[in-house]
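*Asks:* Submitted below is the structure of interest, expressed as structure tokens.
The values are calculated or read from the model by the stated rules, or taken from the named source; none is laboratory data. Predicted, not measured: the structure shown is a model, and the values here were computed from it. Reconstructed Cβ throughout: ideal geometry from the backbone, glycine too, with neighbour counts over all protein chains shown. Quick note on the areas: whole protein, heavy atoms, side chains included, nothing else; ligands and nucleic acids left out. Shrake-Rupley method; radii C 1.70, N 1.55, O 1.52, S 1.80 Å.
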Amino acid sequence: MTASLPTGNNMQTRTNEFFPWLIVLTGLSFMYVPSFIDLFQGIWLSEDQVHGPIVFAISLWLLYRKWPEMLAARTEERNSIVGWLILIIGLLLYIVGRSQNITLFEVGSLLWLMLAAGLILLGPRSVKVVWFPLFFMLFLIPLPGTLVTAVTMPMKIAVSYVAELILYGVGYPIARHGVILHIGQYQLLVADACAGLHTLLTLESLGLLYLNLVRHESFTRNLILAILIVPISFVANVIRVMVLTLITYHFGDEAGQSFLHGLAGMVLFLSALLLIIGADALARTFFVREKPAEQMSS
């Protein structure tokens with residue numbers, strides 16, 4: 001029994017297939033390694049952008065999982081015109097973003113260039129295979145500060161109001177003034193990282209990743225869960241604020257600002273994940289009950 005060795009033609013074919021991607025990888029590394037160094041040394045150090053490296057790592061992992069399927073879906077007929085147009089748009093966004101320090105354009109251009117590379121080298125069928133990893137990378141892009149401020153303030157007020165209502169209802173001496181909670185002798189400012197737009201987007205990305213990994217066949221069920229992620233994120237934010245408030249009230253301000261503050265952040269994601277799983281379990285029960293009825297009527 002002899003092992004078959006790759007022929008010269010097969011090796012040449014593999015080399016020809018790999019060489020264009022080597023060029024793409026080299027070009028993207030040359031362009032975006034400095035950008036990601038700036039992100040790691042800049043906004044990704046802030047509490048409200050700490051999800052950035054996690055989203056980036058998960059996106060690369062999702063692309064790696066889909067890579068064989070993407071290569072298998074390639075076609076000879078490719079819409080290269082659309083791909084080249086997208087490539088031009090991506091390069092213009094990168095040039096403007098990098099030169100003018102507009103992070104939204106600079107980081108966002110990466111998606112345009114990756115989409116263009118897929119269309120030009122593999123075709124639209126292959127790009128369709130990796131639509132979710134590319135979509136997931138949208139959560140990587142920092143949003144404009146004016147938009148974040150405009151959306152975050154109403155969210156913080158709502159979270160503060162509900163947290164005050166619940167804690168006052170169970171007997172704690174708490175009052176609220178705007179987004180400042182007064183409990184006992186302490187005052188707590190509900191920060192953007194505790195109940196802001198970035199937190200909502202982070203939890204939304206967590207929920208969408210869960211849906212992608214679970215892979216339900218029912219579109220209606222996926223849609224319902226995706227919509228429910230928004231109120232689930234709100235509830236998780238309320239739980240986090242309540243936990244921080246109770247820690248400060250019972251153990252003092254130093255405890256509230258210590259590692260327990262980070263622990264409250266873990267409580268946020270854990271409670272959101274448990275709520276998503278719970279909502280999924282309820283949805284599964286509902287759809288299991290509905291399915292026999294549909295089969296009987298058919």
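*Asks:* Would you mind checking segment 209-243 for residues with the amide N under 14 Å from a putative spin-label position 7 Å along Cα→C-beta of ALA191?
*Replies:* Counting backbone N atoms under 14 Å from the label point, the list is 241.
*Asks:* Under the 0.36 nm per residue contour assumption, what length would be gained going from the current alpha-carbon distance of TRP61 and LEU28 to full extension?
*Replies:* Working: separation 33, 0.36 × 33 = 11.88 nm, distance 1.72 nm.
Result for the pair: 10.2 nm of gain on full extension.
*Asks:* Okay, next question. Suppose each label sits 7 Å from its Cα in the direction of the beta carbon; what would the PHE36-PHE286 distance come out to in nanometres?
*Replies:* Result: 4.0 nm between the two label points.
*Asks:* Under 25 °C and 0.890 mPa s, how fast does segment 112-227 diffuse according to Stokes-Einstein, given a Kirkwood radius computed over C-alpha pairs? Answer in µm²/s, whole number. Provide the component values of the computation, followed by the final result.
*Replies:* On the way: Rh = 17.5 Å.
Roughly 140 µm²/s, to the nearest whole number.
*Asks:* Using the heavy atoms of the protein chains and a 1.4 angstrom probe, tell me the accessible area per residue for segment 125-214 in square angstrom. Show your work: numbers first, answer last.
*Replies:* On the way: 4260 Å² over 90 residues.
That works out to 47 Å² per residue.
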